[in-house]
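Asks: Before anything else, here's the structure in question.
The values are calculated or read from the model by the stated rules, or taken from the named source; none is laboratory data. Just so you know, these numbers come straight off a predicted model, no measurement behind them. With ideal geometry, Cβ positions are generated from the backbone for all residues, glycine too; neighbour counts draw on all protein chains shown. Heavy atoms of the whole protein, side chains included, go into the accessibility calculation; ligands, DNA and RNA do not. Shrake-Rupley method; radii C 1.70, N 1.55, O 1.52, S 1.80 Å.
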Amino acid sequence: MGKRILVIEDEVSIQNILRIFLEDAGYQVTLADDGMDGIAAFHKDSFDLVLLDIMMPRLDGYSVCEMIRNESSTPVILLTALDDEDNQMKGFNLLADDYITKPFSMPLVLKRIEAVLRRARSGEKSSVLVYQNVQLDTENYKVFVEGKEITLTAREFDILRLLMENQGRVFTREQLLDIIWNYDYLGDDKIINTHIKNIRKKLGVDCIETIRGVGYRIDKNH
(Lines give C-alpha, C1' and ligand atoms only; values in the text may rest on other atoms or scores of the structure.)
Protein backbone atom coordinates (compact mmCIF):
# COMPACT_ATOMS: atom_id res chain seq x y z
CA MET A 1 0.00 0.00 0.00
CA GLY A 2 1.49 3.33 -1.08
CA LYS A 3 2.02 6.26 1.23
CA ARG A 4 -0.96 8.59 1.52
CA ILE A 5 -0.44 12.20 0.45
CA LEU A 6 -2.92 15.04 0.89
CA VAL A 7 -2.59 17.74 -1.78
CA ILE A 8 -4.16 21.08 -0.79
CA GLU A 9 -4.03 23.28 -3.89
CA ASP A 10 -6.61 25.61 -5.44
CA GLU A 11 -5.30 25.50 -9.04
CA VAL A 12 -6.92 22.57 -10.86
CA SER A 13 -4.13 22.28 -13.42
CA ILE A 14 -1.48 21.91 -10.68
CA GLN A 15 -3.74 19.47 -8.81
CA ASN A 16 -3.94 17.26 -11.90
CA ILE A 17 -0.19 17.35 -12.56
CA LEU A 18 0.60 16.47 -8.94
CA ARG A 19 -1.99 13.68 -8.84
CA ILE A 20 -0.74 12.06 -12.06
CA PHE A 21 2.95 12.11 -11.09
CA LEU A 22 2.34 11.07 -7.49
CA GLU A 23 0.06 8.18 -8.42
CA ASP A 24 2.56 7.05 -11.08
CA ALA A 25 5.19 7.03 -8.31
CA GLY A 26 2.99 4.74 -6.21
CA TYR A 27 1.42 7.24 -3.78
CA GLN A 28 -2.25 7.39 -2.83
CA VAL A 29 -3.47 10.94 -3.41
CA THR A 30 -6.33 12.92 -1.89
CA LEU A 31 -7.09 16.36 -3.37
CA ALA A 32 -8.49 19.42 -1.59
CA ASP A 33 -9.44 22.66 -3.39
CA ASP A 34 -8.65 25.15 -0.60
CA GLY A 35 -7.56 25.46 3.02
CA MET A 36 -10.95 24.76 4.56
CA ASP A 37 -11.45 21.62 2.47
CA GLY A 38 -7.87 20.62 3.24
CA ILE A 39 -8.31 20.76 7.01
CA ALA A 40 -11.58 18.83 6.71
CA ALA A 41 -9.82 16.13 4.67
CA PHE A 42 -6.89 16.04 7.12
CA HIS A 43 -9.27 15.41 10.03
CA LYS A 44 -11.19 12.76 8.10
CA ASP A 45 -8.28 10.46 7.20
CA SER A 46 -4.67 9.80 8.15
CA PHE A 47 -1.88 10.91 5.83
CA ASP A 48 1.86 10.36 5.61
CA LEU A 49 2.54 13.80 4.13
CA VAL A 50 0.77 17.02 3.15
CA LEU A 51 1.61 19.09 0.03
CA LEU A 52 0.27 22.53 0.84
CA ASP A 53 -0.17 25.64 -1.32
CA ILE A 54 0.09 28.97 0.53
CA MET A 55 -2.02 31.43 -1.47
CA MET A 56 -5.54 29.97 -1.32
CA PRO A 57 -9.06 31.32 -0.76
CA ARG A 58 -10.92 31.03 2.56
CA LEU A 59 -7.89 29.80 4.53
CA ASP A 60 -4.28 30.32 3.46
CA GLY A 61 -1.54 27.72 3.67
CA TYR A 62 0.21 29.30 6.64
CA SER A 63 -2.98 29.00 8.69
CA VAL A 64 -3.47 25.42 7.56
CA CYS A 65 0.14 24.54 8.43
CA GLU A 66 -0.28 26.08 11.89
CA MET A 67 -3.50 24.13 12.49
CA ILE A 68 -1.83 20.87 11.43
CA ARG A 69 1.17 21.53 13.67
CA ASN A 70 -1.10 22.24 16.64
CA GLU A 71 -2.25 18.63 16.57
CA SER A 72 0.16 16.56 14.51
CA SER A 73 3.76 16.07 13.39
CA THR A 74 2.67 14.86 9.93
CA PRO A 75 5.30 16.13 7.43
CA VAL A 76 4.24 19.26 5.53
CA ILE A 77 5.83 20.57 2.32
CA LEU A 78 4.80 24.07 1.23
CA LEU A 79 4.27 24.75 -2.48
CA THR A 80 4.14 28.41 -3.43
CA ALA A 81 5.05 31.17 -5.86
CA LEU A 82 6.24 33.25 -2.87
CA ASP A 83 9.99 32.77 -3.18
CA ASP A 84 11.30 35.59 -0.96
CA GLU A 85 13.25 34.85 2.22
CA ASP A 86 10.65 36.31 4.61
CA ASN A 87 7.91 33.99 3.37
CA GLN A 88 10.22 30.99 3.46
CA MET A 89 11.26 31.83 7.02
CA LYS A 90 7.60 32.18 8.00
CA GLY A 91 6.96 28.69 6.68
CA PHE A 92 9.88 27.17 8.53
CA ASN A 93 8.94 29.03 11.73
CA LEU A 94 5.61 27.22 11.49
CA LEU A 95 7.67 23.99 11.41
CA ALA A 96 7.05 23.11 7.77
CA ASP A 97 9.42 20.35 6.65
CA ASP A 98 10.29 21.81 3.25
CA TYR A 99 9.46 24.74 0.95
CA ILE A 100 9.24 24.35 -2.83
CA THR A 101 8.71 27.39 -5.05
CA LYS A 102 6.64 27.52 -8.24
CA PRO A 103 7.19 26.81 -11.03
CA PHE A 104 8.69 23.48 -9.98
CA SER A 105 9.79 20.28 -11.71
CA MET A 106 7.93 17.14 -10.71
CA PRO A 107 11.11 15.04 -10.44
CA LEU A 108 12.34 17.58 -7.87
CA VAL A 109 9.03 17.43 -5.97
CA LEU A 110 9.23 13.62 -5.87
CA LYS A 111 12.81 13.73 -4.57
CA ARG A 112 11.84 16.24 -1.88
CA ILE A 113 8.91 14.05 -0.84
CA GLU A 114 11.18 10.99 -0.65
CA ALA A 115 13.68 12.91 1.49
CA VAL A 116 11.05 14.19 3.92
CA LEU A 117 9.44 10.76 4.29
CA ARG A 118 12.86 9.20 4.79
CA ARG A 119 13.62 11.65 7.61
CA ALA A 120 10.25 10.90 9.17
CA ARG A 121 10.90 7.14 9.03
CA SER A 122 14.36 7.52 10.54
CA GLY A 123 12.93 9.44 13.48
CA GLU A 124 14.46 12.80 12.65
CA LYS A 125 11.05 14.41 12.70
CA SER A 126 10.65 13.30 16.33
CA SER A 127 12.81 16.33 17.09
CA VAL A 128 9.57 18.33 16.90
CA LEU A 129 7.30 17.62 19.87
CA VAL A 130 3.70 18.79 19.72
CA TYR A 131 1.07 19.26 22.43
CA GLN A 132 -2.04 21.22 21.52
CA ASN A 133 -0.73 24.61 20.27
CA VAL A 134 2.77 24.19 21.76
CA GLN A 135 5.60 22.98 19.52
CA LEU A 136 9.07 22.21 20.84
CA ASP A 137 11.97 21.82 18.41
CA THR A 138 14.54 19.75 20.31
CA GLU A 139 17.14 19.98 17.55
CA ASN A 140 17.21 23.77 17.39
CA TYR A 141 16.20 24.44 21.02
CA LYS A 142 13.17 26.50 20.07
CA VAL A 143 9.63 26.65 21.46
CA PHE A 144 6.61 27.98 19.60
CA VAL A 145 3.08 28.75 20.76
CA GLU A 146 0.65 29.23 17.87
CA GLY A 147 3.65 29.84 15.58
CA LYS A 148 5.20 32.53 17.83
CA GLU A 149 8.63 31.76 19.25
CA ILE A 150 8.87 31.76 23.06
CA THR A 151 12.18 32.25 24.87
CA LEU A 152 12.91 29.80 27.71
CA THR A 153 16.01 29.36 29.84
CA ALA A 154 18.01 26.17 29.37
CA ARG A 155 16.51 24.59 32.52
CA GLU A 156 12.98 25.60 31.55
CA PHE A 157 13.48 24.13 28.09
CA ASP A 158 14.80 20.85 29.52
CA ILE A 159 11.85 20.52 31.91
CA LEU A 160 9.30 21.21 29.18
CA ARG A 161 11.07 18.83 26.83
CA LEU A 162 11.05 16.01 29.40
CA LEU A 163 7.34 16.47 30.10
CA MET A 164 6.44 16.66 26.39
CA GLU A 165 8.53 13.59 25.57
CA ASN A 166 6.67 11.65 28.27
CA GLN A 167 3.10 12.91 27.92
CA GLY A 168 0.82 11.30 30.47
CA ARG A 169 3.64 10.43 32.89
CA VAL A 170 3.86 12.15 36.28
CA PHE A 171 7.30 13.34 37.45
CA THR A 172 7.97 14.15 41.09
CA ARG A 173 10.10 17.17 41.98
CA GLU A 174 12.86 14.81 43.07
CA GLN A 175 12.80 13.01 39.73
CA LEU A 176 12.93 16.30 37.84
CA LEU A 177 15.91 17.40 39.92
CA ASP A 178 17.69 14.08 39.36
CA ILE A 179 17.10 14.09 35.60
CA ILE A 180 17.48 17.78 34.74
CA TRP A 181 20.16 18.75 37.28
CA ASN A 182 21.86 15.34 37.14
CA TYR A 183 22.23 15.14 40.94
CA ASP A 184 24.29 18.34 40.97
CA TYR A 185 21.71 20.46 42.81
CA LEU A 186 21.69 20.26 46.61
CA GLY A 187 19.18 23.03 47.39
CA ASP A 188 15.44 23.10 48.03
CA ASP A 189 13.34 21.11 45.55
CA LYS A 190 10.88 24.02 45.50
CA ILE A 191 13.08 25.45 42.75
CA ILE A 192 11.05 23.16 40.46
CA ASN A 193 7.89 25.06 41.43
CA THR A 194 9.53 28.30 40.35
CA HIS A 195 10.59 26.90 36.97
CA ILE A 196 7.16 25.42 36.31
CA LYS A 197 5.55 28.76 37.19
CA ASN A 198 7.87 30.58 34.80
CA ILE A 199 7.21 28.10 31.97
CA ARG A 200 3.46 28.48 32.38
CA LYS A 201 3.72 32.27 32.38
CA LYS A 202 5.91 32.40 29.28
CA LEU A 203 3.83 29.93 27.29
CA GLY A 204 0.58 31.59 28.29
CA VAL A 205 -1.26 28.27 27.94
CA ASP A 206 -2.40 25.74 30.52
CA CYS A 207 -0.49 22.62 29.49
CA ILE A 208 1.40 21.53 32.63
CA GLU A 209 -0.85 19.87 35.18
CA THR A 210 -0.04 19.83 38.90
CA ILE A 211 -0.76 16.47 40.56
CA ARG A 212 -1.26 17.55 44.15
CA GLY A 213 1.20 15.96 46.53
CA VAL A 214 3.00 14.14 43.71
CA GLY A 215 4.42 16.30 40.93
CA TYR A 216 3.75 17.46 37.37
CA ARG A 217 2.75 16.09 34.00
CA ILE A 218 1.55 17.03 30.55
CA ASP A 219 -1.59 14.98 30.03
CA LYS A 220 -1.69 13.54 26.51
CA ASN A 221 -5.40 12.79 26.91
CA HIS A 222 -6.35 16.30 28.05
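Asks: Search region 97-113 for residues that are assigned to a helix (DSSP H, G or I) and pair each with any residue that is open to solvent by 40 Å² or more (accessible area, probe 1.4 Å) when their beta-carbon atoms are under 6 Å apart and the residues are at least 6 apart or on different chains.
Replies: 106/21; 110/25
Asks: Here is a follow-up. Please find, among 50, 76, 128, the residue that is closer than 21 Å to residue 149 by Cβ and at pLDDT 90 or above.
Replies: So the residue among 50, 76, 128 that is closer than 21 Å to residue 149 by Cβ and at pLDDT 90 or above is 76.
Asks: What do you reckon, is residue 79 in a strand (DSSP E or B), among the aliphatic types (A, V, I, L, M) and over 14 Å from the mean Cα position of the chain (by Cα)?
Replies: yes
Asks: Given the conditions (1) open to solvent by 40 Å² or more (accessible area, probe 1.4 Å); (2) farther than 30 Å from residue 23 by Cβ; (3) touching a residue at least 40 places away in the same chain (Cβ under 8 Å), report the number of the one that residue 57 does not fulfil.
Replies: Going through the list (1) open to solvent by 40 Å² or more (accessible area, probe 1.4 Å); (2) farther than 30 Å from residue 23 by Cβ; (3) touching a residue at least 40 places away in the same chain (Cβ under 8 Å), residue 57 breaks only (2).
Asks: In addition: Determine which member of the set 68, 39 is open to solvent by less than 10 Å² (accessible area, probe 1.4 Å) and either under 22 Å from residue 134 (Cα atoms) or touching a residue at least 40 places away in the same chain (Cβ under 8 Å) (or both).
Replies: 68
Asks: Just name the residue that is surrounded by the fewest Cβ atoms within 10 Å (Cβ to Cβ) out of those in region 1-27 that are part of a loop (DSSP other than H, G, I, E, B) and among the hydrophobic types (A, V, I, L, M, F, W, C).
Replies: 1
Asks: Okay, moving on. Looking only at region 82-110, filter to residues that are open to solvent by 40 Å² or more (accessible area, probe 1.4 Å) and under 20 Å from the mean Cα position of the chain (by Cα); which one of those is nearest to residue 5 (Cα to Cα)?
Replies: Looking at residues that are open to solvent by 40 Å² or more (accessible area, probe 1.4 Å) and under 20 Å from the mean Cα position of the chain (by Cα), I get 92.
Asks: Does region 164-176 hold any residues that are crowded, with 20+ Cβ neighbours inside 10 Å and touching a helix residue (DSSP H, G or I) at 6+ places or on another chain (Cβ under 9 Å), and which are they?
Replies: Matches in region 164-176: 171, 176.
Asks: For residue 149, which of the numbered conditions (1) surrounded by 13 or more Cβ atoms within 10 Å (Cβ to Cβ); (2) free of Cβ contacts under 8 Å to residues at least 60 places away in the same chain fails to hold?
Replies: (1)
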